[in-house]
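To start, the structure under review is shown below, and the notes come after it.
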Amino acid sequence: MYELFVAGSVLGNGARSGGQFKGMAPGAQLVFQAVESTRDSLSGIPSDLNILFQQAYDQGARIHSNSWGYINYNGVYNFDSKDTDNFVWNHQDMLILFAAGNEGVDGNSNGVIDQDSIAPPATAKNSLSIGASENNRQSISDIYSTFLFNGNTKFPVEPINSDKLADNIEGLAAFSSRGPTDDGRIKPDVVAPGTFILSLKSSVAPPDGLWGDYDANYRYSGGTSMSTPVVAGIAALARQYYVQNESITPSAALLKATIINGAHNMTPGQYGTGATQEIQTLPDYAQGWGRVDLENSLFPASPRFMRYYDNSTGLSTSQYWNVSYNMNNSSEPLRVTLVWSDYPATLSASITLVNNLDLTVTGPGGTYYGNGASDNRNNVEQVELISPSSGSYTIRVNGTNIPQGPQPFAVVISGALDFLPPSASNEFPTNNSYTNNNTTNAAVNITDSVSGVNLSSTDMMINGSYVSFSNTPIFNGYRIQNVTTVPYSDGRVNVSINATNNDSKSLIYSWSFIVDTIAPQVTINPVSYQRANAAKTGSIIELNVSANDPVVNSTSSGLKNASVNVSLINNTGIIVLTNNSGFWKGNVTVDKLADDGNQSLYISFSDNAGNINSSEYINVTIDNTPPSVTDVSVSVSVSPAVINLTDSINITANITSPDSVSQVNHSEINARITYPNGTSVNYPMFNGSGDLFYKNFSDTEQYGLYNVTILANDTTGNTNSTQQTRFTTSRISNLVVITGSNTETLTAAPYSNTTLRLYTNNSSNGTIQISQSKVNLTSNTSDFSNPGIYVLVNASQEIRSNLTYVVLLVNYTDADVSSFVESSLRLYRWNTTSSGWEKLSGPGSPSFVNDAGVDTVNNFVWANLTNLSEFAIGGSLYTPPAQQIASSGGGGGGGGGGGASGENYSNIEVTEKYDMSIYKDKVTSYMFKNNSNPVMFVNITGNTSFGDITASIEVLRSNSTMVNVHPRGNIYKNINIWVGSSSFNRPKNIKEGIIRFRVSNSWLESNSITNIKMLMWDGSDWKELETNEITKDSTYTYYDASTQSFANFAITGTTGQTGMQFSTSPLLKNVEPDPTESVKIVAGSAKKAPGFEISTLILSLCYVFFLFRQQKK
């Protein structure tokens, strides 16, 4: 009976042999679970092993031995493997053992057993997986090839073929399954004898079963199924040791670590070191971590010791645990084993380890890693140093990656451990520190993680005298703290602790600290200002303080830091002073509005003991009041102030200081003059008599308005820039005029760009003054759109009294009126009675006007009127054409709103814009850079010279929304080109315009295009421009088109040899679009992207139970 045999190996009491043949743990108790329904069938095992294990656990079992498994699933982590890991994870005190399997074969006939034959559930991470080693029965001569079923097939060559099964305890059983698991983990964990094991025979069993009868009560058998109960009994004894001797309930991880740590290294095995050597090192995939040796696990031979740590708190990611030992015997190995019961893996995981801990041992020779390197596969790690150097060793467990934490663990250590004395840490006050508390208690932690602190042998001394102390339990020790009865004197205090652990190792730990109860002494030094003797908002003040820390009993804690509360003048609040050769300095910016006068800033010095000085203040002076500036004027008697171009003018102001802190800074009094072109220059003003300052200004060659701002500084740097004045330079023509009776007299003033035709009823001899300016000469009012051309005409009484009418002509340039609709220009007259501008529209409007108009060919505005005054040119500002919505053909559909040009914004793909000056008879080239723009440049030759002219291009997505006729032919690209305003954009101003553009060769070829033309919309039809091919490269063909104006364009092409038929016009011009056109909406369509179909292949797994006992022939 198989079950009886296994149970006898664990706990048989030897009653039938007079105590000769006992199990490993004869005093243990047994929970028996029946799972075999018929011979060689384990159909009674539940599909969820948690049920099987829970039944035994509820009956008090804490060690579960399993001599069964799956065949033909070598190395696989299956459902039962996961169930095993899950149960141990949730029941950390349950050790589960599984037989590794009997699938060992020499399949390639090389004399070495093949790897990868571990049978699940022995592949579980948290199981203790058992392989088989040879027994020592020299009298038994059976060999592998003849004794075992199919032995000659499984082990066809030497040295295994004829090897005896039980003659060498350093050898592994050939049939024992080898690792690794499929994810590379080390299995089996350990091996135990598994050949010719002697155990109980059932009284009803037929004779000569299993591997043969020993007598009527006992028989032999073999296989990893027989090795496993041997180790289960050893685990029971180990558990008994921990419960009874150490008074702990050991975890499964601790039992596993204990058995592995004491295991015997079988290297090189029974076949020596030749070509058929299988066992290469410890650990490997044959012996795991070696053959079980309970005595070496619990009671290693002197001078070796065993120490263990069963950490149930566990670690999270990045946490660590460590302990230190001393080694003083290099002839004895040091072995450290780490084991943890890991979280169950998913069946699909390529690496089944979930929570990754790492073991390191650091000593005089360096740092050594568990299993030889950082390991992310195994939940068992071991470091073994065969000849450890003498010195201290730190054993550390790192929580490298713990996604399912915290992770408990167990560590078992064996070696010639020389126990260290207690350790001291966290002394208070810290060594060489300072304190101003002369009754402070001195304290320190005394700990010993190995044997514990012997409190009765601990004493404490302060300044050479024993003192009483309290002790507060902490982890692995106590916090020792004296009870102060007499205050310390200022100076150094020496503390000493003498402590012993339970291994009689002593520690003397000493440190000292300094008592300082006297505050620093502070001296305030003068502050430094950026200017003079005060600071204004925005300026920097340098603070300067001297300080020292008094020396008492030859000691001083020394100055630590200094700060100043500057919250009265600075938003920072507190600034830190820096020691600079004994002077503590710091800069503060006045960034907070503070009252003028003295501000007291509190200064704080502290020493290293924490003493702070008494109340000390730094006084600083604030002055934010600028000088007073009054009576700003210019030396012109009329208002507004007007002078002729190049005349000089005197600027004066009275400047005084309103406070006693600062004075007027004579070297920083300036007149800032802003010229008509916008340039500003500061000119020094000079002190005349008393508080009067002046500047004689003569740089009046620019035509227009000059603004003057007085900049007055005081010695602190406060500036008054609030007082201003202005004057205007104009073109003044003073004319002597002699008129006739009932006749018209022509009076020209070219300097003032003005001509008068005077009709008088009598002869007269008088004067006329004509002043032209860019600003209103009579008033500062400007209530209408004008280009800044003002003309004031004053006639003497002799002329005015005989005047019947006057024709006034005021000239302008195209540049002057480039922003206006030229045809709308009219003269305006300043009405001194109503203080407003009146437009001189035409006859009778107003009543004194006979007629009025504009000559756009000769560039002048004129009016026939009956009296003189101040006049100005005014008109309507030019705006780009309003948006027109396409009603048919192309156009791209509605919506989106108009761009700056009137083009529908949504139809604009690219916009480029550049400003350049146009010159008469010279080429100005506007270069365009965007790759999406087919136009490379526009060259314009002017008929006259202009200032900056803006050229902009709008590359369109479809036909222009400003045009209601679709261009004929194949459309390559629609473009709007705008150059200047409507007053510039015409043949009168543009001598020649060349548009260089390019067309993609691929478009030409794909559409079979042979002719390219550029078309321009003239307001009624698309007109063909002269278009010539210039050159060609591999990507584009380049063309030039000629024009004398700019508007909406289209690049089109045709097939065949004949070009498109277009109407032509010698004059192309922009036409205002028709705002009544309606919108035609063109709806788009969308297509759904094709989907993807995903099919899933579901694989089902079938498995077979088979008993892991090796059958003989």
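We did not get these values from a lab; they are worked out from the coordinates using the rules stated. This is a predicted model, so every value here is computed, not measured. No Cβ is skipped: glycine too gets one built from the backbone with ideal geometry, and neighbour counts run over all protein chains shown.
Before moving on, here are some points about what is shown:
- Computed over every Cα-Cα pair of the stretch 730-841 and binned at 10 Å starting from 0, the pair-distance distribution P(r) comes out as 13, 41, 34, 11, 0 percent.
- Restraint check, 991/1023; 920/1032; 536/585; 82/154; 922/973, Cα-Cα greater than 25 Å: 920/1032; 82/154; 922/973
- Scattering curve values for the stretch 362-408, log₁₀ I(q)/I(0), Debye with Cα scatterers, q = 0.23, 0.30 Å⁻¹: -0.93, -1.28
- Derived scalar couplings ³J(HN,Hα) [the stretch 1025-1030; Karplus, 6.51 cos²θ - 1.76 cosθ + 1.60; whole Hz; x for Gly, Pro]: 8, 5, 10, 10, 6, 9
- Antiparallel beta bridges, as assigned by DSSP with both residues in the stretch 1-143, represent about 10 percent of the total such bridges.
- Each residue of the stretch 259-409 gets 138 Å³ once the volume of the Cα convex hull is shared out per residue.
- Extension gain for residue 762-residue 866 works out to 35.9 nm (0.36 nm per residue, less the C-alpha to C-alpha distance).
- Proxy reagent accessibility, fewest Cβ within 10 Å first, across 469, 686, 475, 87: 475, 686, 469, 87
- Centroid-to-centroid, using Cα positions, the stretch 129-186 and the stretch 783-820 are 126 Å apart.
- Which of 837, 289 has the fewest Cβ neighbours within 10 Å, and the rest in rising order: 837, 289
- 40 Å tail of the calculated P(r), the chain, as % of Cα pairs: 72 percent
- Computed from label points 7 Å out along Cα-Cβ, the spacing between residue 486 and residue 425 is 3.5 nm.
- The equivalent ellipsoid of the stretch 423-515 has semi-axes of 24, 12, 11 Å, largest first, where each one is the square root of 5 times an eigenvalue of the Cα gyration tensor.
- For the listed peptides 1003-1013, 258-268, a ranking on the average number of other beta carbons within 10 Å per residue, highest first, reads 258-268, 1003-1013.
- Note, ³J(HN,Hα) from phi for the stretch 902-910, Karplus 6.51, -1.76, 1.60, rounded to Hz, x at Gly and Pro: x, 6, 4, 4, 5, 8, 8, 8, 9
- Computed over the alpha-carbon pairs of the stretch 178-244, the distance histogram in 5 Å steps reads 4, 15, 18, 15, 16, 14, 10, 7, 2, 0 percent, short to long.
- Amide proton proximity set for residue 945, modelled H, under 5 Å, gap of 5+: 920
- One chain, two ends: residue 524 and residue 498. Fully extended at 0.36 nm per residue, the span grows by 4.4 nm beyond their Cα-Cα distance.
- Average projection area in nm² (convex hull over Cα atoms of the stretch 2-261, one quarter of hull surface): 14.0 nm²
- Within the stretch 524-622, antiparallel bridges make up roughly 95 percent of the DSSP beta bridges whose residues both belong there.
- 256, 695 arranged by Cβ crowding within 10 Å, fewest neighbours leading: 695, 256
- Extending 7 Å from the Cα toward the beta-carbon at both residue 139 and residue 152 defines two label points whose distance is 2.9 nm.
- The chain: DSSP helices with Cα axial extent of at least 30 Å and average Kyte-Doolittle hydropathy no lower than -0.5: 224-245
- Packing-based order for 738-750, 867-879, using average beta carbon neighbours within 10 Å, highest first: 867-879, 738-750
- In percent, rounded to a whole number, the relative contact order of the stretch 102-161 is 36, using alpha-carbon pairs under 8 Å and six or more apart.
- Per the Debye formula on identical point scatterers at the alpha carbon atoms of the stretch 540-579, with no solvent, log10 I(q)/I(0) at q = 0.27 Å⁻¹ is -0.97.
- Tail beyond 22 Å, pair distance distribution of the stretch 628-722 (Cα, percent): 29 percent
- Other-chain or far-sequence residues with amide H under 5 Å of residue 514's (modelled H): 433, 434, 435, 493
- Overall size of the stretch 798-873 from C-alpha positions, given as principal axis extents largest first: 38, 25, 21 Å.
- Amide H contacts of residue 849: 844, each under 5 Å away and 5 or more positions distant or on a separate chain (H built 1.01 Å from N in the peptide plane; Pro and chain starts excluded).
- Summed over all non-identical Cα pairs, the Kirkwood treatment of the stretch 47-119 gives a radius of 13.8 Å.
- A protection proxy built from the mean count of other Cβ atoms within 10 Å ranks the segments 361-371, 162-172, most packed first, as 162-172, 361-371.
- Estimated vicinal HN-Hα couplings, Hz - the stretch 389-403 in sequence order (Karplus 6.51, -1.76, 1.60; Gly, Pro = x): 5, 5, x, 8, 10, 10, 9, 10, 10, 9, x, 5, 8, 10, x
- Note on the stretch 524-622: percent of Cα-Cα distances in each 5 Å bin, starting at 0 and stopping at the bin with the largest distance, equals 3, 13, 24, 24, 16, 10, 6, 3, 2, 0.
- Efficiency of FRET between residue 1035 and residue 914 - r from beta-carbon atoms, R0 22 angstrom, step 0.05: 0.35
- Per residue, the convex hull spanned by the Cα atoms of the stretch 1-130 amounts to 137 cubic angstrom.
- The stretch 426-483 versus the stretch 750-772: alpha-carbon centroid distance in Å: 113 Å
- Diffusion constant of the stretch 905-1054 at 37 °C, which comes from Stokes-Einstein with the Kirkwood Cα-pair radius and 0.692 mPa s, µm²/s: 209 µm²/s
- Only the Cβ atoms of Lys and Arg (+1) and of Asp and Glu (-1) were treated as charged; on that basis the dipole of the chain about its Cα centre amounts to roughly 1080 debye.
- Length-normalised contact order for the chain - Cα pairs under 8 Å, 6+ apart - percent: 6 percent
- Taken as Cα centroids, the stretch 238-262 and the stretch 919-964 sit 93 Å apart, rounded to the nearest whole angstrom.
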